[in-house]
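Trainee: What follows is a single structure, and I will ask about it in a moment.
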Amino acid sequence: MKDEPVFRNMLAAAAVALIVLLAGCDTTEPCVCTEVFATAGFSVVNAQRLPVEGIDITVRMQRTGEYLDIDQGYTQNGYYVIAHDGVKDKLLSDGDVLEVSGMKDTLRFEEVFVVGVPGRCRCHVEKISGPDTLYLNW
């Protein structure tokens with residue numbers, strides 16, 4: 001048959017193309033994450049929009065009921081951390097609901113955030129939803 005060599009060449013070309021395409025889908029490629037220690041959080045300001053320091057913060061994962069131990073000792077200028085890369089293995093990739101409460105003197109607030117660790121490599125925590133700033137008024 002005269003068309004048989006053409007068919008074989010087309011079949012060979014298709015096989016090579018398929019191999020190349022499948023090689024591009026290799027999911028065993030190693031993950032490379034930056035050395036940055038990421039945090040997710042929010043700022044608290046007063047009515048004059050000045051940072052509010054010294055708020056006692058608690059963070060509870062709604063899914064498990066676990067309270068996350070988040071050290072606020074290195075935060076400043078009214079910024080409070082609700083999750084960081086040190087707790088990323090406890091969080092779902094597409095996000096966990098974190099119930100955050102804060103108290104200073106007689107004032108109290110409660111807020112809900114969603115924080116996850118997106119991507120195949122799960123390198124860093126990321127705030128998915130929740131406010132960037134809370135206003136605390138005396």
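Read-outs throughout are calculated quantities, based only on the coordinates presented, and are distinct from any laboratory measurement. Keep in mind it's a predicted model, so treat the numbers as computed, not measured. FYI the Cβ positions are ideal-geometry reconstructions off the backbone, even for glycines, and counts take in every protein chain you see.
Trainee: Ordered by residue, what ³J(HN,Hα) values in Hz, to whole numbers, does region 46-59 give under the Karplus form 6.51 cos²θ - 1.76 cosθ + 1.60, where θ = phi - 60° and Gly and Pro are x?
Mentor: Calculated HN-Hα couplings, in order: 8, 4, 8, 6, 9, x, 9, 9, x, 8, 7, 10, 10, 10 Hz.
Trainee: Quick one: if you stick a label point 7 Å off each Cα along the C-beta vector at Asp71 and Thr28, how many nm between them?
Mentor: 3.9 nm
Trainee: For region 37-71, run through the chymotrypsin sites (Phe, Trp or Tyr not before Pro) and keep only the ones in DSSP coil with at most 15 other Cβ atoms within 10 Å of their Cβ.
Mentor: Numbers: sites: Phe37, Phe42, Tyr67; in loops: Phe37.
Passing both the DSSP loop test and the Cβ count: Phe37.
Trainee: Quick one: order Met103, Met61 by neighbouring beta-carbon count within 10 Å, fewest to most. Let's see the in-between values first.
Mentor: Numbers: Met103 13, Met61 19.
By the 10 Å Cβ count, ascending: Met103, Met61.
Trainee: If you don't mind, there's one more thing I want to ask. Sorted from fewest to most neighbouring beta carbons within 10 Å, what does the list Val115, Val45, Val36 look like?
Mentor: Numbers: Val115 27, Val45 16, Val36 9.
Arranged by neighbour count, lowest to highest, Val115, Val45, Val36 become Val36, Val45, Val115.
Trainee: Still on this model: Give the cross-link partners of Lys90 among the aspartates and glutamates, using a straight C-alpha distance below 12 Å as the criterion and excluding same-chain residues fewer than 8 apart.
Mentor: Output for Lys90: Glu66, Asp69.
Trainee: Additional query: With an 8 Å cut-off on Cα pairs and a minimum separation of 6 or more residues, tell me the relative contact order of region 39-135 in percent.
Mentor: Values: 206 pairs, mean separation 31.7, N = 97.
Answer for region 39-135 is 33 percent.
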